[in-house]
Each structure stands twice: as structure tokens, then as C-alpha cells.
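The values are calculated or read from the model by the stated rules, or taken from the named source; none is laboratory data. Note that the structure is a prediction, hence the values are computed from the model and not measured. So basically every Cβ, Gly included, is an ideal-geometry build from the backbone, and we count neighbours across all protein chains shown. Protein only, heavy atoms only, side chains kept; ligands, DNA and RNA dropped before computing areas. Shrake-Rupley method; radii C 1.70, N 1.55, O 1.52, S 1.80 Å.
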Amino acid sequence: MLTLLDKLNRPVRDLRISVTDRCNFRCTYCMPFDEYVWVDHKEILTFEEIVRIARIFVGFGVDKVRITGGEPLVRQDLEVLIAQLSIIDGLDDICLTTNGALLADKIPALKAAGLNRINVSIDTLHADKFKQITKRGDLSKVLEGLFAAKKQGIHPIKINAVVERGVNDGDIIDLVEFSRKHGFGMRFIEYMDVGNSNNWKSDKLVSKKEVLETINARFPLREIGRNYGTAPSVDYEFIDGGGDIGVIASVTEPFCSSCTRARLTAEGKIVTCLFSNTGHDLKSMIRKGCSDGDLEEVIRGIWLRREDRYSDERLEAMNSPVGYRPKDHKKIEMIQLGG
């Protein structure tokens, strides 16, 4: 195994794989438009192509893969990909991030194939508000999937909630109480300017500090820190022993200096930052018949040249006299990139 270090001395440890650009929800902070121009099916990476790329990344030190989308469970036979990934020597952790709507039917096969962990996006426990945020989502189906995963013995199961001022900032305690009651991890995410279409405004941001103050007033917390020192979430445990929560504060407390994540888009591009404006095409190389050695050399070069620190730069701009103008920064849309 050859450890790669980018220009800021960061290794690559985590590969996030988008298996589709399609989604059955239209969450306002991620995919707010009713219709998009979808990638043609023949341009989406096959499972074999994904596994080939993943195997090379594992050779460079990646030990965790997260499957994302769009909504990954709209990709047919996803358990086949999970099974193929699970036999890669050195890949220790396969995680799925999902909206949960299709999870109840699919979780037995995913668990049998080797899925280790799961994150389910739930921004509120109020059905009407859930429909308002997701536009198409049925909260009851998501909760059915969440508890089906628990019944299958998946652990840990984490709930992700993007907190947006004036939308669901009053739901923080409800979500904490629910996660504590049922033994789920809870992860709150600061509202970010992902992509270009969510019309991000800083006044809609609920900071990590505010989230923690809200929780701590009801359920006192003790900081644990970042898992392995590189995880996006800063984690906390309840002093009464009632579980844990985490906060991902990309806006107010950037963690660029410890970011070890690479992303593979559904159409076969390597992206080195969630806020990138471009990707590096591997699919064309593969479909022209390149060798694994050729792929290794290209991936090595991409990572060695990496110097992304977008969130650091955003905070610097927000604190400057000029301020931060998100529309001045063209970024890849979430439907193409995946979380």
C-alpha cells in the first residue's frame, strides 16, 4: 500500500461513490428543482467499473467507502455492488447514505451483501413539514425503513439533519429525543452552499454553536472529538449516558486541513472537494481500454496536485469586509456529485 499525500499533506482515506444522479425526493437545500437534465444511463459507471476504481483507491490507503447518490437506492440491484465491494481486501467499512424511502424492502439484501453502516436523512419528525422540505417524501415510509434497518442489526444507524433557520431549527430537540429513545446516532449539518441551485444565504445558517447550545440546555453534553481525527462530524456524548450526537460545521468551523475524502461521480469523474467546480474523467480512460497501471498513475497525479480548502476560504471571505458571495463560485451540482 502506497500512502498518497496531497499538497497540504492530507492522505486519501475515504472514497464516496455516487451510483446515480437521480433522486425520488426534491429537498429544498439539495435538489430544489422539479426536473433536471439526467445523465444518460449508458454514461453511468457500471458496477464493475466502480469496483475497479475502488480497488485502486484501496491500494492507495482508502479503507472506507460511502455509497451516495442522488438517492442510491433508486439504482437497481445495489446489493450486487455492495457484495463486490465487500470482498476487496483492505476495505473495512461500507456505509450507505440514503433518504430511507426505499429502505424497508431493500435492507435485508443490503445487509446480507456486506453493508456495515447506514445514515438516513430526516430533517424533521413532523409529516407535513417533512413533505414541505422534501416535496415528495412520505415520513412514514422513511421511518419504516429506519426501523427495518435496526431490526436487521445494522449498527450504527445515524440520522442526518440539515438545519435551516426558519424551516426546521425548532425541531432540534425533537430529533435528539427521538434518537436517544431508539438508540440512533444523531448528526446535525450546517446549511451549506452545495451546488448552485439552493440559493444559499448565510442568514439561513444555524451554526454549530447554536445547535449545541440548544441541545446542551436540555441534555448536557461532553465533547468526544472527530473520529480518527478526520471525520466531518465533531461528536459529543450525553453526560447521562443516553447516546451521542455530532455536528458537521463546514461553514463556521471548517475542517479542510483534515479532509481525506475523494468523490467518484456517477458518470465516472474523480472530484477532490464537495465544493469543486470540476472533476477528472476516469470513465473515458476505462472505456478506451486503459490498464490498471494507467488508472493508478492518473489517480496518483490527481491527489498529489490536490490543494482544495474551499470551506476555509469561504469563512475567510465571510469574515472579510467584502463578504462572501456564493453565486460568484460555480460548483458541481449535488445531483452529479453526491454527498
Going by the conditions given, is THR278 touching a residue at least 60 places away in the same chain (Cβ under 8 Å), open to solvent by 20 Å² or more (accessible area, probe 1.4 Å) and part of a loop (DSSP other than H, G, I, E, B)? no
So which residues in region 96-125 are open to solvent by 10 Å² or more (accessible area, probe 1.4 Å), under 15 Å from ALA148 (Cα atoms), assigned to a helix (DSSP H, G or I) and aliphatic (A, V, I, L, M)? ALA104, ALA109, ALA112
What's the number of the only condition in (1) buried (at least 17 other Cβ atoms within 10 Å of the Cβ); (2) touching a strand residue (DSSP E or B) at 6+ places or on another chain (Cβ under 8 Å) that SER311 fails to meet? (2)
Determine which member of the set ARG66, ARG52 is of a type outside the set (Asp, Glu), at pLDDT 95 or above and over 30 Å from GLU164 (Cβ atoms). ARG52
Please work out which residue is most open to solvent (accessible area, probe 1.4 Å), limiting yourself to region 185-211 and to residues that are among the small types (Gly, Ala, Ser) and not in a loop (DSSP other than H, G, I, E, B). SER202
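On the basis of being on the phi > 0 side of the Ramachandran plot, within 19 Å of the chain's Cα centre (by Cα) and open to solvent by less than 40 Å² (accessible area, probe 1.4 Å), does GLY61 make the cut?
Criteria not met by GLY61.
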Within region 212-242, residues in a loop (DSSP other than H, G, I, E, B), loosely packed, with under 14 Cβ neighbours inside 10 Å and of a type outside the set (Asp, Glu) come out as PRO220, ILE239, GLY241
Restricting to region 45-54, and then to whatever is touching a residue at least 60 places away in the same chain (Cβ under 8 Å) and open to solvent by 20 Å² or more (accessible area, probe 1.4 Å), can you tell me which residue is nearest to ASP89 (Cα to Cα)? ARG52
Testing GLU297 on (1) part of a loop (DSSP other than H, G, I, E, B); (2) without any contact (Cβ under 8 Å) to a residue 40 or more places away in the chain, one condition comes back false. Which one is that? (1)
Residues in region 153-169 that are over 17 Å from the mean Cα position of the chain (by Cα), surrounded by 17 or more Cβ atoms within 10 Å (Cβ to Cβ) and not charged (D, E, K, R): how many? 3
